[in-house]
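**Student:** There's a structure below that I have some questions on.
Read-outs throughout are calculated quantities, based only on the coordinates presented, and are distinct from any laboratory measurement. Computed from a predicted structure; not experimentally measured. Heads up, the Cβs are rebuilt from the backbone with ideal geometry, glycines too, and the neighbour counts pull from every protein chain shown.
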Amino acid sequence: MYVGFEIDQYQPSSPASKVDTYILDARQRIDNLARFIVGSYNQRSVLDADALSAAIFPESDYHVFLSHSHADQRNAIDLALALGKHGVKVFVDSNVWGYFGDLVGKIIASTQPLSGETRDAHIHRIHADVHMMLVGALHRTIARSETFVFVRSERSVPLSFGDKARTFSPWLYSELQFSFQVQHVVPMRVKKRLRGAMLDGVKGLENYVTESMQHLTAFRVFNEHLPQVSGVQLREWLAQQSSSVQGEAMLDALYSRFDLPDKYKRKRDSLKF
């Protein structure tokens, strides 16, 4: 991951039908669990976690990782479609956790409790297994993406405690937290352009102390390291871009327009542990 920022109050502009198609394609990736069954053990179905993960995460590398509330899914998809027109590969995180319940339900229905295991314990184990698999895959995707974008709204960050914003989503908590901890890597093209100028190395995980919970289901929003970009300005800028600007050139234009690398570095430098 190279840089991150948050977008506030983004409004969609794509036709609703395109967003609906995007959502349908994401749902279909997990609809057929049978193709992930690799065999049986003691008369129980055995799922291939790697194959399941590969189906849910069809690209090995993305330019942009979009983190957002499920309530803002359509806005996030609209932004992904707008960037996709310019050859920017975008991962929308609700493609995964938005269907977590469906996926868990299908796996529970396809499996049986282990010997001596209660039904409740079986259900809890499946939830834990799937959660760990998806969180690990999400974190790998963030690490391998060049840009992390948090689509912020009052629905994703509905309250605060003291001077810290809070979210009810453990998924947002995990993604934002990891985006601050992840090792930062400057793309080769940027290294060459800046003649080796690098972002300061991120502090190691051993220096990180988990924020204590102030409410049972309220999680701290780790967004202090993310510079803000107006959703209105971003949408207007996207509409002005020539279709000839594609892929990494589009990312570079985005960084330049909103001065993202410098703002991101200053934000990170200002934070103290």
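**Student:** Ranked by Cβ crowding within 10 angstrom, fewest neighbours first, how are 13, 179 ordered?
**Tutor:** In increasing order of surrounding Cβ atoms, one gets 13, 179.
**Student:** Next question. R0 = 35 Å: FRET efficiency of residue 89 with residue 122, Cβ-based, nearest 0.05?
**Tutor:** Values: r = 38 Å, r/R0 = 1.07.
The computed FRET efficiency comes out at 0.40.
**Student:** To make sure I understand the rule: partners must be aspartates and glutamates, Cα under 12 Å from the Cα of residue 265, and not fewer than 8 residues away in the same chain. Which ones qualify?
**Tutor:** Cα-Cα hits under 12 Å: 200, 224.
**Student:** Residue 11 to residue 257: extension gain in nm, 0.36 nm per residue of separation minus the Cα-Cα distance?
**Tutor:** Using 0.36 nm per residue and subtracting the Cα-Cα distance, I get 86.6 nm.
**Student:** Can you list residues whose amide H is under 5 Å from residue 89's amide H, if they're 5+ apart or on another chain and H is modeled 1.01 Å from N?
**Tutor:** For residue 89, whose amide H was placed from the backbone, the distant partners under 5 Å are 63, 64.
**Student:** Let me ask something else about it. Among 173, 264, what is the fewest-to-most ranking by other Cβ atoms within 10 Å? It would help to have the intermediate numbers written out before the result.
**Tutor:** Details: 173 19, 264 22.
The most exposed by this proxy come first: 173, 264.
**Student:** Next up: Listed here are the pairs 106/267; 85/106; 18/106; which of them are more than 32 Å apart at the Cα?
**Tutor:** Those over the limit are 106/267; 85/106.
**Student:** Decide, for the stretch 46-123, between rounded, prolate and oblate: order the square roots of the alpha carbon gyration tensor eigenvalues as a ≥ b ≥ c, take rounded if a/c falls under 1.5, and otherwise choose prolate if a/b is larger than b/c, else oblate.
**Tutor:** The shape class here is prolate.
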